[in-house]
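Below is one structure; the comments refer to it alone.
Please treat every number below as a calculation from the coordinates, not as lab data. The shown structure was predicted, so the numbers you read here are calculated from the model rather than taken from an experiment. Using ideal geometry, Cβ is built from the backbone for each residue, glycine included, and neighbour counts are taken over all protein chains shown.
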Amino acid sequence: MVQVESGFRSPEHIETALTDGKADLVNLVRAQIAEPDYVRKLKSGALDKIRPCLGCNQKCIGRRAQDKWISCVVNLSTGREWTRAPSIKRTSDVRKKIIIVGAGPAGLSLAAQLGHTGNEVQVFERACHPGGLPALYGKPVGKARW
Ligand code: SF4
């Protein structure tokens, strides 16, 4: 059996590795840090609902290398499950108006999670486009896939 991992983030990438016969098993690590429901969404065909890992290594490997608990720029619950989860599960009876400044991955991720729990969320961004710093990650030579 051939088991592979590292850099498998998209369903297409996984499918290719398995159907080409290059692998029998694909491990998802960062993909599931960014999207804990990755496998459930993959099995149900909800591919457009999968929150993709950026491959940036900013909060997972980057923090781990400093001997800190991991986090994730697109999943604010990562590493804070014990404190963040109860507030994320709020229901519409505690609906609030919330303003988020910054439309980078963290701001958009927070907006989405707070919005899904019945809050009214507005996001403000000084740039013309959302995306924040990760929009620059693809600029260096060899980093275009980011
Ligand atoms: S911090 Fe970046 S590389 Fe690490 S899991 Fe999150 S999106 Fe992926």
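Given R0 = 30 Å, the distance between the Cβ atoms of Leu47 and Leu136 translates into a calculated FRET efficiency of 0.65. Rg and Dmax of the chain, both derived from C-alpha coordinates alone, stand at 17.0, 52 Å. Put a dot 7 Å past the Cα of Glu81, heading toward its Cβ, do the same for Leu25, and the two dots end up 2.1 nm apart.
Taking the longest Cα principal axis of the chain as reference, the axis of helix 105-116 is set at about 70 degrees. For Ile100, the residues whose amide H sits under 5 Å from its own are Gln122, Val123, Phe124, ignoring neighbours fewer than 5 places away on the same chain, with H placed 1.01 Å from N. Seen from Leu133, the other residues with C-beta closer than 14 Å to its C-beta sum to a net charge of +3, counting Lys and Arg as +1 and Asp and Glu as -1. For region 11-52, trypsin sites (Lys or Arg not before Pro) are listed when DSSP marks them as loop and at most 12 other Cβ atoms sit within 10 Å of their Cβ; the list is Lys22.
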